[in-house]
Amino acid sequence: MYKRKEYRVLLTRLTEQPRRIQVVVGPRQVGKTTMVRQVMKTLGEEGINTVYASADLSAFSGSVWIEERWNAARIQSTETRTVLILDEIQKVSNWSEIVKFLWDQETTGKTPISVVLLGSSALLIQKGLSESLAGRFEIIRMGHWSFSEMQKSFGFNLEQFLVYGGYPGGADLIGDFNRWRSYILDSLIETSISKDILMMARVEKPILLRNLFMLACEYPCRIMSYTKMLGQLQDTGNTTTLAHYLDLLQEAGLIAGLKKYSGSVIRKRGSSPKMLPMNTALVSAVQGINMKTLAENPQTRGWFVEAAVGAHIYGRTTGNREEKLSYWSAGDREVDFVYRRGSVVIGLEVFSGTHGHTRKGMELFRRKFPSSKTLLIGGAGLPVVKALTMDPSDLIELSSSM
């Protein structure tokens, strides 16, 4: 079975017996639990005990639930080293306070256990970590599967990846598009919205949040002002509420609202977001676009290519303070994405031959930001397949040589 790089990171840290809690976060259905079970198997082969429990499977998952599992791990640790793994931890009320209390007790013991926490709500996990567990944890972020990972594990080609995206749980269903679509809509999208957002965060207008998600999937990679979004959604809410809901969708691994690059933090915060689905499978499922439909609609394929490239770069820059992804526009001129790593800024234009802006946007961007670099992806530039299989940091060298 394929092992993602996060497997190696977590296994190494646990083998070295870290004195910090390991926290694994990421969207639903990207293989967090599978990865941890792979680690458990390897640890078992090395003589290390593991205790696994999921709050998602428990009828009662209050603070007592955590204490019971912790005590079970402590009992095993009297004989051999033990790792405690708590899945979907964000569903336990006040989880961070009880974990802090038990962890601080653990560090004084003779045979302290190692602890791994998993969660699919990055918003709630981060809140608990910052409020109660400062200095006691390390984060391992798991994003959607990349094209190269889906290709290596399931034999996906580019067209399959554009339609079916990076969700390994649905890979065995792609022979039946309607069945695959139902899986994505019901088990992934609906569960992410109803459980990870609506049950875990204050949402006064759940219909508005759902409609915002649908709008982003209907118009992927479009720049939309909050005011125009409210008009299109026919809602009387305010732009602050809409921006908050977009943040919730982003934390759930569904939709990212890219900010406009301007070199000014104040202006960037006030910009209209570019709606980026964090996986093209979301767009396919919402719109009902299968392989045949994509092949027959070159313009639609162009939007999918742009979304796939943007999602690939965004997913690998999330959580990295040195890297950011945004966009740039001035009037009718636009640069699809702006990738920044440290002081290096690269304007990226994704070309499919069927849609998008002329390179006049790139020319204007270079004039406005003369120290920046530019790179064309697709067409005569960097092949799309290569862009989807490389680390974003490698774009820096390519932008200098192409």
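A short reminder: the numbers here are calculations on the coordinates, not readings from a lab. These numbers come from a predicted model, not from an experiment. Positions of Cβ are generated from backbone atoms using ideal geometry, with glycine treated the same way; all protein chains shown enter the neighbour counts.
According to the Cα gyration tensor, what semi-axes, each the square root of 5 times an eigenvalue, does the equivalent ellipsoid of the range 147-401 have, listed from largest to smallest in whole Å?
Computed over the range 147-401, the values are 27, 24, 16 Å.
With the cut-off at 1.5 for a/c, could you classify the range 5-141 from its C-alpha gyration tensor as rounded, prolate or oblate?
rounded
Within 10 Å of each candidate Cβ there may be at most 16 other Cβ atoms; applying that plus a DSSP loop requirement, which trypsin sites (Lys or Arg not before Pro) in the range 170-228 survive?
Arg202, Arg222
For the range 92-102, what does the Karplus curve 6.51 cos²θ - 1.76 cosθ + 1.60, with θ = phi - 60°, yield as ³J(HN,Hα) per residue in whole Hz, taken in order and with x for Gly and Pro?
Taking θ as phi minus 60°, the curve returns 8, 4, 6, 4, 5, 5, 5, 5, 4, 4, 5 Hz for the range 92-102.
So which aspartates and glutamates can Lys360 reach, going by Cα to Cα under 19 Å and dropping same-chain residues fewer than 8 places off?
Excluding near neighbours in sequence, the set is Glu306, Asp332, Glu334, Asp336, Glu349.
Sort 65-74, 11-20 by packing, meaning the average of other beta carbons within 10 Å per residue, with the highest value first.
65-74, 11-20
Using modelled backbone amide H atoms (1.01 Å from N, in-plane), which distant-in-sequence or interchain residues come within less than 5 Å of Val345's amide H?
Lys373
Under 10 Å, Cα contacts only: if you run a Gaussian network model on the chain, which one of Met199, Met150, Met275 comes out with the highest mean-square fluctuation?
Met199
Using square roots of five times the C-alpha gyration tensor eigenvalues, list the equivalent-ellipsoid semi-axes of the range 165-258 in whole Å, biggest first.
26, 15, 11
Determine the percent antiparallel among the DSSP beta bridges restricted to the range 147-401, to the nearest 5.
Rounded to the nearest five, the antiparallel share is 70 percent.
By how many nm would the segment from Ala134 to Arg222 grow when fully extended, if each residue of separation counts as 0.36 nm and the alpha-carbon distance is taken off?
27.9 nm
Rounding to the nearest 10 and keeping the result within 0 to 90°, find how far the Cα-based axis of helix 206-218 lies from the longest principal axis of the chain.
Roughly 50 degrees between the two axes.
Please get the size of the charge dipole for the chain, origin at its Cα centre, with Cβ charges of +1 on Lys and Arg and -1 on Asp and Glu, quoted in debye to the nearest 20.
Roughly 1100 debye, rounded to the nearest 20.
Which one of Gly170, Gly263, Gly331 has the biggest mean-square fluctuation once the chain is modelled by GNM with Cα springs under 10 Å?
Largest GNM mean-square fluctuation: Gly331.
Assuming 0.36 nm per residue, please report the length gained on full extension of the stretch Thr12 to Lys41 beyond their Cα-Cα distance.
Net length gain for the segment: 9.1 nm.
Where is the GNM fluctuation largest for the chain (alpha-carbon springs, 10 angstrom cutoff): Lys100, Lys32, Lys274?
So, out of Lys100, Lys32, Lys274, the one fluctuating most is Lys100.
Each residue of the range 30-44 in turn: what ³J(HN,Hα) in whole Hz from Karplus with 6.51, -1.76, 1.60 and θ = phi - 60°, glycine and Pro shown as x?
These are the phi-based 3J(HN,Hα) values: 10, x, 4, 5, 4, 4, 5, 5, 5, 5, 4, 4, 5, 4, x Hz.
Would you mind working out the magnitude of the charge dipole of the range 5-141 relative to its Cα centre, with +1 at each Lys and Arg C-beta and -1 at each Asp and Glu C-beta, to the nearest 20 Debye?
In total the dipole reaches around 360 debye.
Quick check on the range 134-198: what does the Kirkwood estimate of hydrodynamic radius come out to from the alpha carbon pairs, in Å?
One decimal place: 13.4 Å for the Kirkwood radius.
From the phi of every residue in the range 281-287, what ³J(HN,Hα) in whole Hz does the Karplus formula 6.51 cos²θ - 1.76 cosθ + 1.60 yield, where θ is phi - 60° and glycine or proline is x?
Using θ = phi - 60°, the values come out as 4, 5, 5, 4, 5, 5, 8 Hz.
Which cross-chain or sequence-distant (5 or more) residues have an amide H under 5 Å from the amide H of Ile85, H modelled 1.01 Å from N in plane?
Sorted by chain and number, the residues that satisfy this are Val51, Tyr52, Ala53, Val116.
Lys5: which lysines have alpha carbons under 21 Å from its alpha carbon, excluding same-chain residues fewer than 8 sequence positions away?
Lys32, Lys41, Lys152, Lys386
What is the extension gain from Lys3 to Gln105, computed as 0.36 nm multiplied by their sequence separation minus the C-alpha to C-alpha distance, in nm to one decimal?
33.4 nm
Enter the angle in degrees (range 0 to 90, nearest 10) between the Cα long axis of helix 122-132 and the first principal axis of the Cα atoms of the chain, meaning the one along which they spread out most.
Value to nearest ten degrees: 50.
If I model a spin label at Asp176 and Thr240 as a point 7 Å from the Cα along the Cα→Cβ vector, what separation in nanometres do I get?
Roughly 4.9 nm, to one decimal.
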